[in-house]
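Engineer: Questions regarding the structure given below will be posed in turn.
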Amino acid sequence: MNTPRVPPSDVPAIDDNAQRWLRFLSRWSIPTALAYLGLMVLFVTLVLPAGTGSLPEEFLELDVAGNAPGPYRLTIVFDVLAWLGIGGLLLAWGTALRHHAPTRATLISASSAAALIGFLGACLRLSATPELADRYLSTPASNRPALLEAYRELLNLINVTFSAGGLIANAGLLLVTIVTWRGLLPRWVGLLLGLGSGLGIIKAALLLVAGVDLGPLALLGAILLTAGFAGTASSLWRTTTTGRQVNPTTAH
């Protein structure tokens, strides 16, 4: 009598500790998605309409921070939260995958440190921009060009932190997509995360290397990542609440 053979698996099922981290990810992905969504919605509904047009486009945030400091600060708070959210996601993914793909999981965990760079840039954006805007409004017209130059330097610093942090953090997210492809996450979620992080890498690299700021590309990437984070929360919640072990290479 022939005994049916069970196909061997060269990758062990995720252990209980990893399951706990996956449950954490299913929860942490929700506020991260909301932070991204809140930043985009508030920027469009509060920041853009608050511009007076008295300054060139590159000084839009300085203009808004001076004329509508409350809405501006509220909007940038979501930027700060978004960087914290992405850092937590990368650290949790690296921990959850360390037994499945140790080397890549280590790289994913390490990329979470890049979110601190973006977090510092967001904090600088939150605190320094309104301060410069207040000084600009209270300064005689003859002295304002110096403050505009100071803001331009501040903006360059913020953009560098966002680009450097975004380049590495998005690379970490892309690595998460590769490791979990057709495994822990459905293909459509992996596609959203992969495309969103890929666009983020391109945008950050172009700004760092060529000084070209592709804002619409960043917006599209953020929309895709927001949907990907929401999909991550939904799929991991369903997986972890079944009470079963999951294999990272099991296709959905």
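Taken together, the values in this text are just the output of simple stated rules run on the coordinates, not laboratory data. A quick note: this is a predicted structure, and the numbers were derived from the prediction, not measured. Here Cβ is always computed from backbone atoms with ideal geometry, including for glycine, and neighbour counts include all displayed protein chains.
Engineer: Can you sort LEU37, LEU173 from fewest to most other Cβ atoms within 10 Å of each residue's own Cβ?
Structural biologist: Listed from fewest to most nearby Cβ atoms, that is LEU37, LEU173.
Engineer: Quick one: 3J(HN,Hα) in Hz for segment 127-136, Karplus 6.51/-1.76/1.60 with θ = phi - 60°, rounded, Gly and Pro as x.
Structural biologist: 8, 7, 5, x, 5, 5, 5, 5, 5, 4
Engineer: Treating only the Cβ of Lys, Arg, Asp and Glu as charged (+1, +1, -1, -1), what charge dipole size does the chain show about its Cα centre? Round to the nearest 20 debye.
Structural biologist: 1060 debye
Engineer: What FRET efficiency comes out for the pair ARG135/THR45, r = Cβ-Cβ distance, R0 = 25 Å, nearest 0.05?
Structural biologist: About 0.40, to the nearest 0.05.
Engineer: Between 0 and 90 degrees, rounded to the nearest ten: what's the tilt of helix 187-210 against the longest Cα principal axis of the chain?
Structural biologist: 40 degrees
Engineer: With +1 assigned to the C-beta of every Lys and Arg and -1 to the C-beta of every Asp and Glu, and no other charges, what is the dipole magnitude of segment 115-208 about the Cα centre in debye, to the nearest 20?
Structural biologist: 340 debye
Engineer: Taking the chain as the region of interest, what is the percent of Cα-Cα pairs per 5 angstrom bin, listed from the shortest bin to the one with the maximum distance?
Structural biologist: Pairs per bin, as whole percents: 1, 6, 12, 17, 16, 13, 10, 8, 6, 4, 3, 2, 1, 1, 0, 0, 0, 0, 0, 0.
Engineer: Using a Förster radius of 35 Å, what is the FRET efficiency between ARG182 and ALA110 based on their Cβ-Cβ separation? Nearest 0.05, please.
Structural biologist: Calculated transfer efficiency: 0.90.
Engineer: What length, rounded to one decimal in nm, is gained on full extension from ARG20 through to ALA205, with 0.36 nm per residue of separation minus their alpha-carbon distance?
Structural biologist: Gain in length upon complete extension: 63.1 nm.
Engineer: While we're here: Projecting each Cα onto the charge dipole of the chain (Lys/Arg +1, Asp/Glu -1 at the beta carbon, about the Cα centre), which of LEU220, GLY121, ILE158 comes out farthest on the positive side?
Structural biologist: Sorting the options by dipole projection puts first LEU220.
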